[in-house]
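The values are calculated or read from the model by the stated rules, or taken from the named source; none is laboratory data. The structure displayed is predicted, hence computed values, not measured ones. Cβ placement follows ideal geometry from the backbone for every residue including glycine, while neighbour counts extend to all protein chains displayed. Areas reflect the complete protein model, heavy atoms only, side chains present, ligands, DNA and RNA absent. Shrake-Rupley method; radii C 1.70, N 1.55, O 1.52, S 1.80 Å.
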Amino acid sequence: MEAIDVVIVGAGPAGLATSACLNRLSIPNIVLEREDCYASLWQKRAYDRLKLHLAKEYCELPFMPFPSDAPTFVPRRGFLDYLHSYVSHFRINPRCNTAVESAYRDEAKKADLNVHEEYVAKFLVVATGENSKGFIPEVSGLDSFGGEFFHSSKYENGQKYKGKAVLVVGCGNSGMEIAYDLSNWGVRTSIVARSPVHVLTTNIVYIGMRLLSYGVPCNIVDFIVVLLSRLKHGDISNYGFPRPTRGPFYIKQSVGRTPTIDVGAVEKIRRKEVQVFPSIRGIQGSKIEFANGEVEQFDAIIFATGYKSTVRHWLKGGQDLFDGSGMPKLCFPNIWKGKNGLYCSGFARRGLFGISVDSQNIAKDIDLALRSERVLIGIPDARVC
Ligand SMILES: Cc1cc2nc3c(=O)[nH]c(=O)nc-3n(C[C@H](O)[C@H](O)[C@H](O)COP(=O)(O)OP(=O)(O)OC[C@H]3O[C@@H](n4cnc5c(N)ncnc54)[C@H](O)[C@@H]3O)c2cc1C
Ligand SMILES: NC(=O)C1=CN([C@@H]2O[C@H](COP(=O)(O)OP(=O)(O)OC[C@H]3O[C@@H](n4cnc5c(N)ncnc54)[C@H](OP(=O)(O)O)[C@@H]3O)[C@@H](O)[C@H]2O)C=CC1
Ligand SMILES: O=C(O)C(=O)Cc1c[nH]c2ccccc12
């Protein structure tokens, strides 16, 4: 059994940022990671052409800007280089191949467990992410499908599907970007769009973010970005993508749904190089029937249908912080602190920017708690800050 001040679960950007903030305050912490590497989403579960969708100034982790010669929209490789420098600069040493199977506050419950390793900590930081596990919905007849089907997190590129027919389900950022990539690889590509969606561009989002940071109200920002999007894309409801009635930043802030950022798929849809279908009604062999009655044959299906949090699989308790699906109950910006030393970073649905805010708040709060504990028991505070 190992005793330490802080245990952080997950070595993605949120876990690394929290560890860096604690290390700066000389607060002992360990980061436990289920995979064999840190930032596993970026190293192992992302496609080749992935780039950050937000400008680099909104994707920095605390206390380390991107190099000044980094492009505004950093590619995956550049982001990984940045994370490697971050880990070595802040001397972060994640313990890999260490999946946390159970975390309890109550000492008595430990006796039931058949544990491999055990840690005792004053503070627990949940940093396992909003995107912990790929989600594939139940679709009638999917088990009869003759071709392969898999989640978007397993997609790398479209090389092996050249000349084949592939259906991408979901028109969030993963789905639209994968559809664009497949089509570039010479794949006969189709996409399922089942509900209204905002389609913006990286630059339009950038303008929106700047306006919000100058204090322009969200409804005005939404009006401007939707107008810009209409000028750029025209009325895309003609192609099967109706717009939601609420604005994109309002939706992002209220329910966390990210607008789709077009990287070229809209033009391909306009040119009919990518077909758009409504929901899947059912599957029989290689034939897929859609809600409008159309039936088409496909060789593969890629489910770009989002992710689920896995917090509820291993965290016992913490009902004050997390709901039944492992997502936070509280609202940004005060969502990072639970009761009895429990914290979470990376659950604000605010991407890397939210992670930076959470991690700094958590480290400050733990520092304060440790200092007051020292005062209470009369130990002089020798830590360097
Ligand atoms: C494809 C994609 C692109 C994105 N692009 C952007 C972007 O451009 N800009 C932006 O701001 N945001 C972006 N996001 C959103 C978000 O910023 C990223 O998902 C980011 O990686 C989240 O960091 P995280 O540390 O919270 O979670 P993750 O990166 O998911 O890291 C969590 C880590 O916890 C580990 N873990 C999970 N369960 C356990 C367990 N039980 N025990 C031990 N370890 C565990 C996982 O293996 C993983 O390594 C993107 C998300 C995705 C999916
Ligand atoms: N370059 C970048 O920066 C990228 C960032 N990301 C980020 O990663 C996160 C996850 O994105 P993503 O993987 O796209 O997941 P999302 O959850 O954002 O999107 C999932 C999509 O799948 C649809 N869907 C879900 N279930 C079904 C179903 N049964 N039938 C049809 N459609 C369905 C959803 O539609 P509905 O709305 O109807 O539920 C939605 O369109 C987001 O935050 C995103 O911004 C992702 C890729 C690239
Ligand atoms: O890619 C994501 O999911 C993010 O959360 C990044 C993000 C944070 N705020 C936004 C506003 C508009 C588009 C993307 C984001």
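See the values below:
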quantity: Residue satisfying all of: in the stretch 85-98; part of a loop (DSSP other than H, G, I, E, B) and under 15 Å from residue 23 (Cβ atoms); most open to solvent (accessible area, probe 1.4 Å) among these; calculated: 91
quantity: Selection from the stretch 298-317 of residues that are modelled with pLDDT of 95 or more, open to solvent by less than 50 Å² (accessible area, probe 1.4 Å), over 23 Å from the mean Cα position of the chain (by Cα) and not aliphatic (A, V, I, L, M); calculated: 298
quantity: Test: residue 257 is open to solvent by 40 Å² or more (accessible area, probe 1.4 Å), within 20 Å of the chain's Cα centre (by Cα) and either closer than 18 Å to residue 176 by Cα or in contact (Cβ under 8 Å) with a residue 40 or more places away in the chain (or both); calculated: yes
quantity: Residue check, residue 82 outside any helix (DSSP H, G or I), within 16 Å of ligand 2 (Cβ to nearest atom) and among the hydroxyl-bearing types (Ser, Thr, Tyr); calculated: no
quantity: Residue among 55, 14, 46, 103 that alone is surrounded by 14 or more Cβ atoms within 10 Å (Cβ to Cβ), under 28 Å from residue 119 (Cβ atoms), under 19 Å from the mean Cα position of the chain (by Cα) and not aromatic (Phe, Trp, Tyr); calculated: 14
quantity: Residue match in the stretch 146-161 (condition: at positive phi, crowded, with 21+ Cβ neighbours inside 10 Å and in contact (Cβ under 8 Å) with a residue 12 or more places away in the chain); calculated: no
quantity: Members of the stretch 149-179 that are under 25 Å from the mean Cα position of the chain (by Cα), over 16 Å from residue 192 (Cα atoms) and away from ligand 3 (no atom under 16 Å from the Cβ); calculated: 154, 155, 156, 157, 158
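Okay, residues lined up against (1) in a loop (DSSP other than H, G, I, E, B); (2) within 28 Å of residue 34 (Cα to Cα); (3) under 29 Å from the mean Cα position of the chain (by Cα):
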| site | (1), (2), (3) |
| --- | --- |
| 288 | no, no, no |
| 296 | no, no, no |
| 334 | yes, yes, yes |
| 348 | yes, yes, yes |
| 353 | no, yes, yes |
